[in-house]
Structure formats: structure tokens, C-alpha cells
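Asker: This is the structure I want to talk about, given as C-alpha cells.
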Amino acid sequence: MEVLRIATSGSVDDGKSTLIGRLLYDTNSIPQDKMEALHAASKRKGLDFTDLSLLTDGLVAEREQGITIDVAHIYFSTPTRKYIIADTPGHIEYTRNMVTGASNAQVSLILIDARRGIVEQTHRHFFIANLLRIPYLVVCVNKMDLVDYSEARFNQIVEDFQQMLDNAGFKGQEVKFIPISSLYGENVASRTGSINWYNGSTLLEYLEQVSFDHEDRNHPARFPIQSVIRPRTTEYHDFRGFAGKVASGHFSVGDEVISLPSGQKSRIKTIEQFEKQLPVAHARESVVITLEGEIDSSRGNMLVKTNEVPPQLKEISANICWMDQLPLTPGKTYLLQHGVNRVKAKVQQINYITDVTNHVQVTDKASMTLNDIGRITLKTAAPIFADPYQSNPANGAFILIDEFNNTTVAVGFIE
Amino acid sequence: MTNQINWEFPQALEDEAIYILRETVAQFEKPVLLFSGGKDSITLVRLAQKAFYPGKIPFSLLHVDTGHNFPETIEFRDWLVNTLGLDIIVRNVQDSIDQGKAQEETGKYASRNALQTVTLLDAIEEGKFDACIGGARRDEEKARAKERIFSVRDEFGQWNAKMQRPELFDILNGKINIGENVRVFPISNWTELDVWNYIVREKLEIPSIYFSHEREIIERDGLYWPYSSFLNTTADEVPFRQKVRFRTVGDMTCTAAVLSEADKLEDIIAEIMEAKISERGARIDDKRSEAAMEKRKQAGYF
């Protein structure tokens, strides 16, 4: 069974949590006791309807304010597939949590309030979906009930969005527009008949048919080594295996590989998954690889095929999203973590900060502050072996860690 | 809709969990696996076995024994540890009470659930554990739905929900300051059904109380409570025998039973698929308030 990961985003009061509640409710995914708790909680708040958003806002502070602060993960299944929804905050000050939630998604679901149309947040969310190169974009025009289910209003919003797409979309991105009312369940998992001019699929029908993005299996083969397994027991005295998760592409027994950075060559002897021996390991599979000859490899190194060696980078140009309260200052040293490999890196320059609403690059900024997105240049203490994010996302992203307080301060996408 | 589901276990979940376990061992000096004897921690043990094979599991298990466990759970724990040749550290809540660090609750709802946090934090400090691997899942409860895979706790074990580190892609940042530790949740993205399905696929043994059996119970607040000497009962709460099983395994004072005839894994799965009540609906400890779990997490609960 496959797992489809969806990230939802919308601005305050777009009805995002209600939409998720509706999806769960209509797929019978809310158990009776949770439903009763929702009825009771809604009543306590003085509401005369069951507020489905209370289902996902898991923190006291969120329920108090009626907003989403941090990513919540929600699970449901249909006979076709398992779904994981990362419900992310819409508030601008929680953009970093939105990027967190969206980073693993194959589908980005953007909500627009039919009365308000495209707002600043919509631009930001669209920009982030593009930055992460999420292949599927579903635009749900919500609260259609409040605009009398007007086709003209829906078309206007689609047209406005289309303009944004023309300016900033990327090749291969699939975009779908759906008019919905999450409060009444129209076009979420079923049709209630209020929108007769729309013949397209409901949201759930659309999600059920989205094809899985297995593109990473066709990318160059990359195997970041997490650890070396050396049991040194009598039975496995000479066993020396490299444990890791295939980042992209695939490896087969007999493939000639190079270990980076040492540059030593060898051949794959076995690919093991617990007690099983596999002929081939694909992207995202956790395995142990053993090699024909003894070569020098350890955690943070990478095995690649000899005919697909990635570029060796010491000076990196990358788009980043800054995620810390303390601003980024050029000249400061951070730890750069690319996959499972960490190196010191110094920020050389802030090339520009992007004004995501107007798609303008602002070049005269001396620092980047929380939630800023922009282009920087970094110099690393040792080379990293990364692909451009656009051509191989699984080997093209990194995080920056503050050396003094150890927190994650930025996510970067290599150009 | 749920009863039509084809429950083929999503392999991606195992690959992800193994990756997380390997990162934990690589990034921390002294990880430990928090073992309760329940199905989720049994699943973790299996994953750890697979992640480091053919090597041994490179960390100990830690069991915080409240003294109110089901005897079947303890029996199972000892069997598993012996069979797989694992290291286990057991720390007792009773010792924390005797040392005056924790105080027994009173009244008919008295349980040691909150008390075990004291014992856990002491054990973490004593063992100098910098990473505690736990079997919590995000589908269990809405505060858990918010938690990261590497969840940083301060010196007092507290979770600060508003200041969580961003966690991007599968890049895990396990760097911490002195005194801090991390709670690691490798099966965050699994649901209750995923766990059961994995138990079937891997042919894992589990404690007998998960299967239907006859036991003395009392009825209280619409739930079936296992009758034991640990439970404070009132005069009108008369125990009776009934065929039940447990869907989740905590203490005898905070885990309710469900009426069930399911005595095989397949029947249990069929029952869960049709169940109208969530897994934690049988956890009396969650019913104390809407924010019960968030409050316990802030206090250092796992």
C-alpha cells in the first residue's frame, strides 16, 4: 500500500482545519468518542454547530486563539491508499512551520476564501510549493456557500491564479482548481448538488487518482552512509556493511561504485534488508550494502555509481528560508547538514531577498530575518557532493544549524 | 469505508523508522529505548533488530515499572528480553515514592501514571541518556500529532510546543545543549492499524492481554476497568467476570478493557477496523481534560 503525503495551507480563517475535519468525517475516520468530544467542546465554546477544526488544533494556545500554530499530522485511509496530511499554519509568523510541513509532501493543497480571493498568504504558499517543487498543486476555492455558489466568482479566482502560474510555475507541475464548501461538505468527499456547473472531480476523487511521484527512482543513484555495521561476532567476523537509505536512483548487485570523498572504487557484493538479500535497492529503501574490496568509507560519505558522479561543491549558491529569531549575518559560521553529512559553512553573501508577493528581488539587505526567503552564497570547510535541487531534490537540500544554540536556523535548496 | 481496506503494510513506514533509528545511534552518545511491554514498543524492538542486523541492538531498553502493570506484561517483557538477549534497565515508581520524590494519588481515580514521569526523569539523569526512543504515534492524540520526530526536551524533560525546531525533509538535527535530551519517535507516522499489520507481517509475539480472555472487571463511567488490588473501588462497584481484551496496554489503573471475542490477530484487526471508539478512548489517563496529554508532555511525560 502506498502513502500519499499532502500539505495543506491557507490563511487565517480560510477554513483549513474545517476542510480536514470534513475529509476525515466523510471518510468515516473520526471515531465516535472523538466525535462526542468535538460536540462537547463546540458546545462549551458556545457554538451551535460541531466545530471540526477543534479536531486538529492540538495545543491549548491554538484552541484558545482559534488558529493553527504548528504542523499537525493527520492520518486517514481509503481502500486505495494511506494519506498523511501535514496541516500547516497560515500565519506569516509561522512560515517556518509551513515549510517544515510541506517539505515531505507530494501534493500541496492551497485554500482560498471565495469572498476574499487571492491574498498575500496565497502568494507565499504558492511560492513555497514552487520552491519545494511539489509536483501536484490543488487549489480549493472554499466557502462557495458564502458567494451563492457563483461560477463567475470561481472563474475570476482561477483566472487570477493562472496569472501567478504564468509568472512563477515550473514545468511538470500539475494544477487543479476545485470549488468547495467545507462547512457543508460540497465537493470535498461528495457532491451535495449545490454546485451544478462544476463537473470535475471532488477533492477526494482527485487525491485518489494522483499518480505517485517515483521520479526519484530515475535520478542518479545516491547512497549516503549512515553508519558502518561491523558485528565482530564469530558468525559475522569479517562482515562490514554500509547502512543507509537510498536517497535517489537505484543500486544493483555488481554495480561499480565510488565512495566520496575518498574516490576509491569498488563493486557491490550484496544488498541486504535484514535477513533478506536483494538484487536491487530503490530510492527511499533502507538497506545495508557490502562491497567486494575493503575501502575507506564511514558516516557522512556517499556511494554513487562511477558513471554518475555528482558535482563536488565548496562554494554553494542556494535559495534558503530563514527560520530563526536571530537574523542571518554574513560572515558567520554555521554547520551545514546535507543529508547525514555535516560540514562547517560560512555565509559569504546575501545575494537577494525575494518579495514573494510581487516576485521582486531586493538586493540591498544586510541580513535575513525570520521567514525571509532569498538567495545566498556559502563556502564550506570541506566539499559536499550535492545535486541541484531542481534536478534531484533528494540530494539537493540542506539545513543550517547554529553552532552556539544547536537549533535549525535555515533550510536551503542548492542552485 | 474503512472495512474495505486492503491492509497491505506500507513498506515506506519501515524504511523511514529504520532510517530514524540509525540516525539516533549515529548522532547520540547514549540512546535508550523506552519499553512498556505494549505493542508499540515491541514493534520498536523489532525495528531496532532489523536496523542494525547482523549486529546487535546497540542500546538498552528502559522500563519504568509503576508496580501497577498487568502481570502478563511483565512476564512477556522478561520472555522477550531473554529470547532476544537484550539489555534492560528497570526502574521502579515505588522507589520514587519511598524517596519522597513522588506522592501516591488518592481517591477512586488514583493512578501512578503521572508519577512515572518522576522516575523516568531520574533514570534519564542517572543513565546519562541523551536520546530516549519511544513508540508514540501521531495518530494517537492531538498533542502528539504536533510533535517532531527528534523532539528536544530541556533539563526538566519539558516539551516546549511553541518553540519546536523545524524538521525538514528527512534531515534530522540531533545536536543538543548540555542537560537537554531528545525524545525520538521512529513510528510517528504509523497508525494503530499499521502497527497491527506489521505485527502480523513480522509474526511478532505480544502479551496475552491483547487477546480475548475472561477477567474480573468493574463498570465505571461507561468503561470496563480491570479489577485488581491497585484499584480503589467504592462499595457499589462489584466485580464481575467478562470476556474482554485490551486494545492498549498501560497500567491496570488507567487502561480500560473492551468487550471482545477476538482471540486471533486477524480478528483483532477486523475488530479495530469496525471499531467506533479510538484507541486512546480506552485510556482513562487521557480523559482527565481536553489538554491532558499536552500538560503531561510539558511536564516531561514521554
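Asker: Which order, highest average first, do A:219-230, B:96-107 follow once you tally other Cβ atoms within 10 Å for each residue and take the mean per peptide?
Answerer: A:219-230, B:96-107
Asker: Once you average over the residues of A:29-35, how many Cβ atoms of partner chains fall within 10 Å of each Cβ? All intermediate terms of the calculation are to be shown ahead of the outcome.
Answerer: Values: counts 4, 2, 7, 5, 10, 7, 2.
For this peptide, the per-residue mean of nearby foreign Cβ atoms is 5.
Asker: I've got another one for you. Using a Debye calculation, one point per C-alpha and no hydration shell, please list log10 I(q)/I(0) for the range A:312-414 at q = 0.17, 0.19 Å⁻¹ in order.
Answerer: -0.71, -0.89
Asker: Mind checking A:96-107 for the average number of partner chain beta-carbons within 10 Å of each residue's beta-carbon?
Answerer: Taking all residues of A:96-107 together, the mean is 3.
Asker: Still on this structure, please answer the following. Taking the Cβ of each residue in A:Arg22, A:Arg232 as the centre, tally the other Cβ atoms inside 10 Å and list the residues starting with the fewest.
Answerer: The order, fewest Cβ neighbours first, is A:Arg232, A:Arg22.
Asker: Hey, what's the Cα Rg ratio for the range B:69-180 versus the globular rule of thumb, 2.2 N^0.38 Å?
Answerer: Expressed relative to 2.2 N^0.38 Å, the Cα Rg reads 1.27.
Asker: Could you list A:Thr122, A:Thr369, A:Thr80 in order of exposure, starting from the residue whose Cβ has the fewest other Cβ atoms within 10 Å?
Answerer: Ranked by crowding around the Cβ, least crowded first: A:Thr369, A:Thr80, A:Thr122.
Asker: Hey, another quick one. Hey, what's the per residue convex hull volume over the C-alpha atoms of the range B:209-285, in cubic angstrom?
Answerer: Numbers: hull volume 6.4 nm³, N = 77.
Here the figure is 83 Å³ per residue.
Asker: Quick one: putting +1 on the C-beta of Lys and Arg, -1 on the C-beta of Asp and Glu, what dipole do you get for chain B around its Cα centre, in Debye to the nearest 20?
Answerer: Here the size comes out at about 520 debye.
Asker: While we're looking at this one, here's another question. Mean Kyte-Doolittle of at least -1.0 and a Cα length of 18 Å or more along the axis: which whole DSSP H helices of chain B meet both?
Answerer: Details: long enough: B:11-27 (24 Å, -0.08); B:39-52 (20 Å, 0.14); B:71-84 (20 Å, -0.24).
Long hydrophobic helices here: B:11-27, B:39-52, B:71-84.
Asker: Follow-up. Please state the equivalent ellipsoid semi-axes for the range A:343-401: what are the square roots of 5 times the Cα gyration tensor eigenvalues, largest first, in whole Å? Present the calculation step by step, with values, prior to reporting the outcome.
Answerer: Numbers: eigenvalues 103, 50, 18 Å².
Each semi-axis is the square root of five times an eigenvalue, giving 23, 16, 10 Å.
Asker: Related question: Which three extents, in whole angstrom, do the alpha-carbon atoms of the range A:217-305 cover along their principal axes, largest first?
Answerer: 40, 28, 21
Asker: Running Debye on the protein assembly as shown with equal point scatterers at the Cα sites and no solvent, what base-10 log of I(q)/I(0) appears at q = 0.08, 0.09, 0.11 Å⁻¹?
Answerer: -0.65, -0.83, -1.26
Asker: Which residue fluctuates most in the GNM of chain A (Cα springs below 10 Å): A:Leu109, A:Leu303, A:Leu278?
Answerer: Evaluated over chain A, the most mobile residue of the options is A:Leu278.
Asker: Any idea what diffusion coefficient chain B gets from Stokes-Einstein, in µm²/s, Kirkwood Rh on alpha carbon pairs, 20 °C, 1.002 mPa s?
Answerer: Rounded to a whole number, D works out at 107 µm²/s.
Asker: A further question follows. Report the equivalent ellipsoid semi-axes for chain A in whole Å, largest first, defined as the square roots of five times the eigenvalues of the gyration tensor built from alpha carbon atoms.
Answerer: Working: eigenvalues 342, 139, 82 Å².
In descending order the semi-axes read 41, 26, 20 Å.
Asker: Something else about it: For a quick check: sort A:Val210, A:Val246 by the number of other beta carbons within 10 angstrom, fewest at the front.
Answerer: In order of increasing Cβ crowding within 10 Å: A:Val210, A:Val246.
Asker: Relative to the longest principal Cα axis of chain A, at what angle does helix A:120-131 sit, 0 to 90 degrees, rounded to 10?
Answerer: For A:120-131 against chain A, the angle is about 30 degrees.
Asker: Then there is this: Using the Cβ atoms and a cut-off under 13 Å, what net charge is assigned to the surroundings of A:Lys379, where Lys and Arg are +1 and Asp and Glu are -1?
Answerer: Local charge sum for A:Lys379: +3.
Asker: Same structure, new question: So in the protein assembly as shown, what percent of DSSP beta bridges are antiparallel if you round to the nearest 5?
Answerer: Antiparallel: roughly 70 percent of the beta bridges in the protein assembly as shown.
Asker: Based on the inverse mean of 1/r over its pairs of different Cα atoms, what is the Kirkwood hydrodynamic radius of the range A:3-213, in Å?
Answerer: Every distinct Cα pair counted, the radius reaches 17.2 Å.
Asker: Return the average number of partner chain Cβ atoms within 10 angstrom of each residue Cβ along peptide A:225-231.
Answerer: Going residue by residue through A:225-231 and averaging, the value is 5.
Asker: Using the Cα atoms of the range A:320-372, I'd like the radius of gyration and the largest Cα-Cα distance, Dmax, both in angstrom.
Answerer: 12.4, 36
Asker: Per DSSP helix of 4 or more residues, -39500 (n - 2.57); summed, then divided by the residues of the protein assembly as shown. What does that give at 222 nm, rounded to the nearest 500?
Answerer: -7000 deg cm²/dmol
Asker: Nearest 5 is fine: what % of DSSP beta bridges in the range A:3-213 come out antiparallel, could you say?
Answerer: 25 percent
Asker: Using 0.36 nm per residue of separation minus the Cα-Cα distance, give me the extension gain between B:Gln99 and B:Asp78 in nm, one decimal. Intermediate values should be presented prior to the final figure.
Answerer: Working: separation 21, 0.36 × 21 = 7.56 nm, distance 2.64 nm.
That works out to 4.9 nm of additional length.
Asker: Gaussian network model of chain A, Cα springs within a sub-10 Å range: biggest mean-square fluctuation belongs to which of A:Gly193, A:Gly244, A:Gly254?
Answerer: Highest fluctuation among the options: A:Gly193.
Asker: 7 Å from Cα along Cα→Cβ at both B:Glu261 and B:Val238: what's the point-to-point distance in nm?
Answerer: 2.7 nm
Asker: Taking springs between alpha-carbon atoms closer than 10 angstrom, which of B:Met163, B:Met252, B:Met273 fluctuates most in the Gaussian network model of chain B?
Answerer: Greatest mean-square fluctuation among the candidates belongs to B:Met163.
A short reminder: the numbers here are calculations on the coordinates, not readings from a lab. Quantities reported herein were computed from a predicted structural model and do not represent experimental measurements. With ideal geometry, Cβ positions are generated from the backbone for all residues, glycine too; neighbour counts draw on all protein chains shown.
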